[in-house]
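To start, the structure under review is shown below, and the notes come after it.
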Amino acid sequence: MSKVVVFNQTGGADVLNIQDIQTPAPLANDVQIRVRAIGINRAEIMYRTGQYIYQPNFPARLGYEASGIVEAVGDNVHEFAPGDSVSVIPAFSFHEYGMYGEIVNAPVHAVVKHPENLSFAEAAASWMMYVTAFGALVEYANIGPGDNVLINAASSSVGLAAIQIANMLGAKPIAMTRTSEKRAQLLQLGAAEVIASQEQDLVVEINRITDGKGTRVVFDPVGGPGVAKIAQVMPAGGLFFQYGSLDGRDLSIPVIEILGRHLTFRGYELFEITTDAEKLARAKRFIFEGLQSGQLKPLIDKTFAFDDIAKAHQYMEANGQVGKIVVTL
């Protein structure tokens, strides 16, 4: 039997229940993992509350990220064997798999060996955030030396991943956050500059930081009316990636800004990378090498015990973390 988190209705964190369930043997192309750590993600909060891109099928499971030891493999799985240390990348639907459990099955394409220099907690904290940032900044924007990259909600796990990837490739990461409370910490964590959007004029600050050149790449999970200001500091050919909806209101973008400078505003999500075999292979290689070299280093804000997984959800919903929230088993 395995302890597994399930829920039977949408709502607050108190709808999460831990039950003893017999984990079935892995099917063909599946890997069975004894979980040592779980990474908590915003998508799981949205799924639990009924605000995700699809609705739960009850009884519902959830969980995109985990690390642990391979227990068994299904038919057609040759790259993993019992005893291997592995991590799980979000590359599946909650209708099919969920990582919140002591023993779980995962599809082989979503499983990856992680560098030996990572702890299980660090391994569980890595793949969602780094693959998300990789897709926009590397796969699509191809950032490099001379690029200014504006990173909104920079203290989130994905924001910190974007800062590290920008530094790794020689670009300048400009962190954007609501207040100056996290300024010193963001600078310490690799941001070249920090802009407090509620306290400073974004246009003035970007022009100062970039000597009037603007920021070619914007990586933003917030959106809303504030995008109008961001559009003003994007140069010709600028790329804006919207990868979340923390504000919830419609983007406000003056058409003349788009037309005059040929700006691109696009929705972007992790699954553009994880559902494409070639893109996912490039992401795995880039991130593994970055983790192994230490240029990519996941920051864990706080860990919780498995029995306290509802508290981990509540902590994420309070929006006070800097880095990743992890549950350990």
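The values are calculated or read from the model by the stated rules, or taken from the named source; none is laboratory data. Remember, it's a predicted structure, so these values are computed and weren't measured experimentally. Heads up, the Cβs are rebuilt from the backbone with ideal geometry, glycines too, and the neighbour counts pull from every protein chain shown. Accessible surface is based on the protein model in full, side chains and every heavy atom, while ligands, DNA and RNA are left aside. Shrake-Rupley method; radii C 1.70, N 1.55, O 1.52, S 1.80 Å.
Between I21, I53, I38, find the one with the highest GNM mean-square fluctuation for the chain; connect C-alpha pairs within less than 10 Å. Among I21, I53, I38, the largest GNM mean-square fluctuation belongs to I53.
Between H262 and M46, the contour length at 0.36 nm per residue exceeds the alpha carbon distance by 74.4 nm.
When the chain is treated as a GNM with alpha-carbon contacts under 10 Å, the residue of M316, M234, M129 showing the greatest mean-square fluctuation is M316.
Residues D30, D201 ordered from highest to lowest accessible area at a 1.4 Å probe: D201, D30. Placing +1 on the Cβ of every Lys and Arg and -1 on the Cβ of every Asp and Glu, with nothing else charged, gives the range 160-253 a dipole about its Cα centre of roughly 160 debye. For semi-axes √(5λ) of the Cα gyration tensor in Å, the candidate list reads (1) 33, 24, 22; (2) 29, 22, 20; (3) 35, 21, 18; the entry that matches the value derived from this model is (3). Go through K229/K284; K182/K213; K229/K311 and tell me which ones have a Cα-Cα distance over 28 Å in this structure. As for pairs spanning more than 28 Å Cα to Cα, those are K229/K284; K229/K311. Sum -39500 (n - 2.57) across every DSSP H segment of at least 4 residues in the chain, then divide by the residue count to get the 222 nm mean residue ellipticity, nearest 500. Computed ellipticity for the chain at 222 nm equals -7500 deg cm²/dmol.
Distance between the pseudo-spin-label points of Q55 and Q292 (7 Å out from Cα toward the beta carbon): 4.6 nm.
Taking label points 7 Å from Cα along the Cα-to-Cβ direction, E317 and V255 give a separation of 4.1 nm. Protection proxy ranking of 173-180, 139-146, 75-82, by the mean of other Cβ atoms within 10 Å over each peptide's residues and highest first, is 173-180, 139-146, 75-82. Springs between Cα atoms under 10 Å define the GNM used for the chain, and in it the highest mean-square fluctuation of A283, A305, A121 occurs at A305. Two tests apply to each whole DSSP H helix in the chain, Cα reach of 20 Å or more along its axis and mean Kyte-Doolittle hydropathy of at least -1.0, and the ones passing both are 277-293.
Roughly how many whole Å is it from the C-alpha centroid of the range 199-277 to that of the range 87-122? When both Cα centres are located, 32 Å separates them. Around the Cα centre of the chain, unit charges on the Cβ atoms of Lys, Arg, Asp and Glu (plus for the first two, minus for the last two) sum to a dipole of about 600 debye. With every protein chain in place and a 1.4 angstrom probe, the accessible-area ranking of L259, L202, largest first, reads L259, L202. Legend: calculated FRET efficiency, A277 to V203, from the Cβ-Cβ distance at R0 = 35 Å, rounded to 0.05, equals 0.25.
The length gained by stretching the chain between I18 and A184 to full extension, at 0.36 nm per residue less their Cα-Cα distance, is 55.9 nm.
Heavy-atom accessible area with a 1.4 Å probe sorts M46, M99, largest first, into M46, M99.
Cross-link partners for K279 among the lysines, with Cα-Cα distance under 23 Å and sequence neighbours closer than 8 places in the same chain left out: K113, K297. Summarising the amide proton neighbourhood of V217: residues at separation of 5 or more, or on other chains, whose placed amide H is nearer than 5 Å comprise N148, L150, L239. Distance from the C-alpha centroid of the range 1-64 to that of the range 148-188: 30 Å, rounded to the whole angstrom.
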